[in-house]
Amino acid sequence: MPNLNGSTKSIDYRDQQQDGKCAEPLMKGHSKDNVAVERTSLTTPSNEDSFLPNYENQSKEITNSGKKKKSRIRRIKDSCNVDLLRHRLPIVGWLPNYNLNYSVFDLIAGVTVGLTIIPQSIAYAGVAGLPFEYGLYSSFMGLFAYTVFGSVKESSIGPTAVMALMTFNYANEGGPAYACLLSFLAGLIELVAGLLNLGFMVDFISAPVISGFCSAAALTVASTQVKGLFGLKFSGSSFVEIWTGFFTNLSKINPWDAGLGCSSIVILLLMRKLTAMKNLRPFKKITCLRNRFVDSGLWFISTSRNAFAVIGGCVAAYVLQVNGLSPFTLTGNIKAGLPSFELPPFSINTTDSDGNSTVLLSFPEICSELGAAIGLIPLIAILEQVAIAKAFAFGKRTDATQEMIALGMGNILGSFFGAMPITSSFGRSSVQNASGVKTPLSNVYAGILVLLALGFLMPSLAYIPKAILAAVIITSVIFMVELEELKPMWKSRRVELIPLGVTFFCCLFVNMEYGILIGAGVHLFMLAYMAGGRPHPELIREPGSKKTGGRVVVKADTNLYFPGVEKFRQVLNEATDGETCVLVDLSHVTEIDYTALKMLKSVASDYHKRGLMVLHFTNASSKVTKSISSALHSADIDFLTPNKMNNAFEQCGPKTDEV
């Protein structure tokens, strides 16, 4: 039922979602429907009857089988109910409660985000090396899909700087066809990962690696705009190539483009802080700035600054061109009209290396050329999507599985309209949140605004100066450089700067895809080395008494894995001294791998051959005890039951057979 009291409180349908599971386990027991009524025979069957077919038992088995089948079908129907539908289609949860008050707030948020996404998507298409209209092709279908499948009302998905940058190399090689196919394959992987609950994979990418990747991506994207910002034309797309070409072509800078671009950056940065500027001392005495409507107007201008910059640039370029002046480098004609609906290209006609003949590339050959991007682009997209969803969950539960499903559906459906890979944008999500969004329906309004721009505004957008698009991108991505992470990381755990630095420099100077893989690999290697490769067992020597000899306690400080086996073996060999009793304290050990077990078996066997005491273990958990007992001979080891070391010392001694 609609909310009749006029409340503008947003619908928090995240609290209403439940973990729906389709079909309960069928082996939990039998319901009453599965219990067959047995007949009691009044006579005892003869021996002859025992050799005849028991048709009565067969009939009962058939009856039981039919009832079990009906019971299973009933369980599936009961579990696949409205709760599961609401869980996988969140729109079912909030749409029945939608009212007019919500629509006003959603319309404002949708229009505001639409004015932001139109200039950004056009600019990001240039970053990806695609015709400018493909940025808009990528901006509406994901919004529509997220309205149905999305679980966070603030999230806004579409083209982003990172996705555009990771698409560039492949779009530069295969054009829009490769970008569209990448979107389809990425969406397919994201959807399958969501359905199979594979969200844990993102846990292997640590925060320092993500910081290094995002910072390098921001600098690389900003660097790609240097040519447009200063009106330069030279070959090169990597960070090193761009800045080498820039300093080589300094004399060819277009002063009009440079002046327009640099001034646009300054103006956009000032507009970004427009709402905060009213609190400065010179403006505090101006009472009209405290008006609620003025405050709202300043906020709208600040959040829509990119749209105002593009519109202003278009008007200025058009006026100059009408008067016979063309000082700026313009984007040129942008294809007008809505994109056609068609399947992604699974085979592509391309020219050979000589450029003389046409070659048909099959789907496996295209996938071979796309290479690691097929797996890395969806991985990065999922990372961004889930991270933004958690940021705007405000302490509530985030359904990462549902976010992956929504993202996958957005990419798959978008690929039918020529879209490049997309994911959630933190900047646009922040705008949506600040706009007072109530439900994901705001994405529909933003998507409609994009379609209107495609249908009616493309001829006018041909006058956009490239310097302004460069300024829009630079001011959008420069804040992705996470310098604020360095100071707390330096104070808390300096070793974490190693994977951050490796990821940053590899992404910047080698390749974005391989950079994040190298950074993640280095951090995982460091983790494995610190966890299992650097054990520092403590050696405690206890003097002997009149009854027993000396005792040595070897206290393991971490789990025993194969990188630390030789270090632990050296300490155990050092512990043996004549008739000394060796006690291994495993209070800090929860895991022992097979290599470590073989080492313990070898040491215990060596003790036995040398006639020394058996190898004693104390404070071992049941899991560790089971592992050791299954791999070592019982005659070579002994487990001491007390938890405290002093009591363990008293029990430590040679195992003797009493006669």
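The values are calculated or read from the model by the stated rules, or taken from the named source; none is laboratory data. All values reported here derive from a predicted model rather than from experimental measurement. Virtual Cβ from ideal backbone geometry, glycine too; neighbours counted across all protein chains shown. Remember, those area values only see protein heavy atoms, side chains included, never the ligands or the DNA or RNA. Shrake-Rupley method; radii C 1.70, N 1.55, O 1.52, S 1.80 Å.
Data table
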{"quantity": "Table column - 3J(HN,Hα) (Hz), the range 585-600, Karplus curve with 6.51, -1.76, 1.60, x for Gly and Pro", "calculated": "8, 10, 5, 9, 10, 10, 9, 9, 7, 5, 4, 5, 5, 5, 5, 4"}
{"quantity": "Exposure ranking of THR358, THR147 by accessible area [1.4 Å probe, largest first]", "calculated": "THR358, THR147"}
{"quantity": "Accessible-area value, MET512, 1.4 Å probe, nucleic acids and ligands omitted, Å²", "calculated": "20"}
{"quantity": "Relative packing of peptides 432-441, 170-179 - highest average C-beta neighbours within 10 Å first", "calculated": "432-441, 170-179"}
{"quantity": "Sequence ranges 119-131, 359-371, ranked by mean other-Cβ count within 10 angstrom, highest first", "calculated": "119-131, 359-371"}
{"quantity": "Heavy atoms of MET271 accessible to a 1.4 Å probe, total area in Å² rounded to 10", "calculated": "40"}
{"quantity": "Pairs beyond 20 Å (Cα-Cα), from LYS567/LYS626; LYS567/LYS598; LYS567/LYS623; LYS390/LYS487; LYS227/LYS335; LYS396/LYS438", "calculated": "LYS567/LYS626; LYS567/LYS623; LYS390/LYS487; LYS227/LYS335"}
{"quantity": "The range 87-145 - accessible surface per residue (Å², probe 1.4 Å)", "calculated": "27"}
{"quantity": "Solvent-accessible area per residue, Å², over the range 379-473 with all protein chains present [probe radius 1.4 Å]", "calculated": "27"}
{"quantity": "Solvent exposure ordering (accessible area, 1.4 Å, most first) of PHE293, PHE328", "calculated": "PHE293, PHE328"}
{"quantity": "Highest average packing first - 188-195, 463-470, Cβ atoms within 10 Å", "calculated": "463-470, 188-195"}
{"quantity": "In Å², nearest 10: area of LYS598 left accessible to a 1.4 Å probe", "calculated": "120"}
{"quantity": "Share of carbon and sulfur in the accessible heavy-atom surface of the range 112-187 [1.4 Å probe, %]", "calculated": "60"}
{"quantity": "Percent accessible area from carbon and sulfur atoms, the range 203-283, protein chains only, probe 1.4 Å", "calculated": "69"}
{"quantity": "For the range 333-429, size of Cβ-based charge dipole, Lys and Arg +1, Asp and Glu -1, in debye", "calculated": "660"}
{"quantity": "Accessible surface, 1.4 Å probe, highest first, among residues LYS233, LYS252, LYS567", "calculated": "LYS233, LYS252, LYS567"}
